1. Note down the Stokes-Einstein diffusion coefficient of region B:1-148 in µm²/s, whole number, using a Kirkwood radius over alpha carbon pairs, 10 °C, and 1.306 mPa s.
2. Which distances in nm, rounded to one decimal and ordered from shortest, link the label point of residue C:55 to the equivalent label points in the other identical copies, with labels set 7 Å from Cα toward Cβ?
3. Given axes a ≥ b ≥ c from the Cα gyration tensor, I'd like to know whether region A:6-55 is rounded (a/c under 1.5), prolate (a/b larger than b/c) or oblate.
4. For region B:102-165, what is the Kirkwood estimate of the hydrodynamic radius, computed as the reciprocal of the mean inverse distance between distinct Cα atoms, to one decimal in Å?
5. What number, in percent, do you get for the relative contact order of chain B if the mean sequence gap of Cα pairs under 8 Å and at least 6 apart is divided by its residue count?
6. What is the mean number of Cβ atoms from other protein chains located within 10 Å of the Cβ atom of each residue in peptide B:31-40, rounded to a whole number?
7. Quick check: Cα centre of region B:175-219 to Cα centre of region C:204-232, how many Å?
8. For C:235-242, what's the mean count of beta carbons from other chains sitting within 10 Å of each residue's beta carbon?
């Protein structure tokens, strides 16, 4: 039971996806006592798993599992593998390590729609939860994508069987996807997006508080949010429940 | 004894208040071995306590207590309770959990002076240390407060029996209270404030280093500072003692 | 063995120096299981050692040692000691605590070339690894240094026997040394520097990701980088190995 339970507010169901960019096993065990129940997915960001010991990665995944949290490696690692023709080895290793999902993306490389479809289906067939990502890591390349392009790709991915589509926001939340150079949401684009896709299947990467607030006020307390810093999970949960100034009395 | 004790400088007595926005129990225990002696108050920020397990909150409070650190929940939680007519339940729960203080604020709601006075007195009577806060969470609403308004409220609170009055700075330290949009201190307003209130009873929320430096250079090494990030406590202590470039030779 | 070892890329040898500004012993022990193999030096930033218990500092140093990591206190502490005429006591205490190196700097005070040379030689004679630093803590004073001044001092230090010369970047990485007010590298100055000194003997303080990326793309995966935040070590390692979008396919 939460402290001050008589003040707690329910919230709609919805995903909180956290970025792990190198947390340590004992720390995670301790951390989840406080935050575990508020987390749905943990992403081992970009290629970070590949510079950590196998045993440590396995241990971390199994700790997350104790709290029912699903884990997956960042899309950049898929891209590194796929571009080397090692997609099979990649899926095998994900399975061995205990990852529940994989992320299919083309943030740093080109990927034909055909390959994209193949990768999604293949990973699904192997029993993985599939999260795809829409957006480019490079500011210049990402800028070339219209909101129409993004919408088309989101719907394509969902039709191919992707469980969730992530809207790229990177760790910085600036100059990328739906965010301008100051990290503010481009509201007109978001408006169009909201009308054209199933928002329950979309995870918005929203590393910064102002972004989390805006998404919650627009889509409600259960909006799917990702790339949450590990030490912002409690803050996000209070935002979702109207227990922080920014959403107090507004949710 | 500190390392390099022959280089350590004394500093005036004064409060360091740290923001806990979801730290974990074992982490805190370990952390206090390094930082415990430099911390006076820990605030469980805004409504964060209400999304953490009762048992965990209790455990955290009791760990802080071992180091003589006083704890209290953020003012937003008081506001949630008071606006629901559950102030009694709130105080009861604070006592049960082991909090030493409460924060009375009106950052997110209206609170008449009469109610403010009542809340302060009531909490004092129940044996709590009372910290009040002056300022609004919303940039727009906070901007409406003149420095005269703030001063009047600070002195009102102290006359009502408040132990300390906190000047709102939020976690960001920008566009709020005494800080402009870049997080710089409005020096003319600070000057007026300094002449009109008992500075020993004021805690300045000062999350950013440049703010900590300015307050220390203006009011001395013992100035009361709050909303210090947990991982900035050692840095702040070096600033207070002239052991970091920014205050080296100036204190 | 790393997870996804078939995707890992080798990188050139080169130093990663991490900033410890108050980490706790158990945390470090846990942390090094993930990050230990990627760290060469840990600096106990500026005067932070002098506000931590002797026993704790000793314990921390010995934990780092288990992973082959060299430690040293920040230059500000040397300056505090030297300006008080307590250089001998300083070296003695460094030895007692177990530090492997010392940093000789003049960031916050004046230091004649003669004294600089003496301090370097003296510390070397006592068996310490000597790191010197070029740059001023104050933005105004640092601005007075031309790139020519910096180059001259770097080469002077190396001739005096310094093992490495650090280019000041502070914790912020802005408005200092080679960085402009936005934290971007002054490329023309870097170009001149690169031609005039032995880059293998230089450690660039580069706290921000964009800086790390630029140095890696210019000097290769083994460039010596310092003032890395403890929680950015894994990220930096992925940048060095082309496993993050910013350097993917470019290294």
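1. Values: Rh = 16.7 Å.
The Stokes-Einstein estimate is 95 µm²/s.
2. 3.1, 3.1
3. Numbers: a/c = 4.29, a/b = 1.93, b/c = 2.22.
Because a/c hits 1.5 or more and a/b fails to exceed b/c, region A:6-55 counts as oblate.
4. Values: mean 1/r = 0.0841 Å⁻¹.
In region B:102-165 this quantity evaluates to 11.9 Å.
5. Details: 423 pairs, mean separation 49.6, N = 251.
Answer for chain B is 20 percent.
6. Details: counts 5, 1, 9, 12, 4, 1, 3, 3, 0, 0.
Taking the mean over all residues of the peptide, I get 4.
7. Each part's Cα centre sits 34 Å from the other's.
8. On the way: counts 8, 2, 6, 12, 2, 1, 4, 4.
Rounded to a whole number, the mean comes out at 5.
Where a number appears in this text, it was derived from the coordinates with a stated rule and is not lab data. These figures come from a predicted structure and were not determined experimentally. FYI the Cβ positions are ideal-geometry reconstructions off the backbone, even for glycines, and counts take in every protein chain you see.
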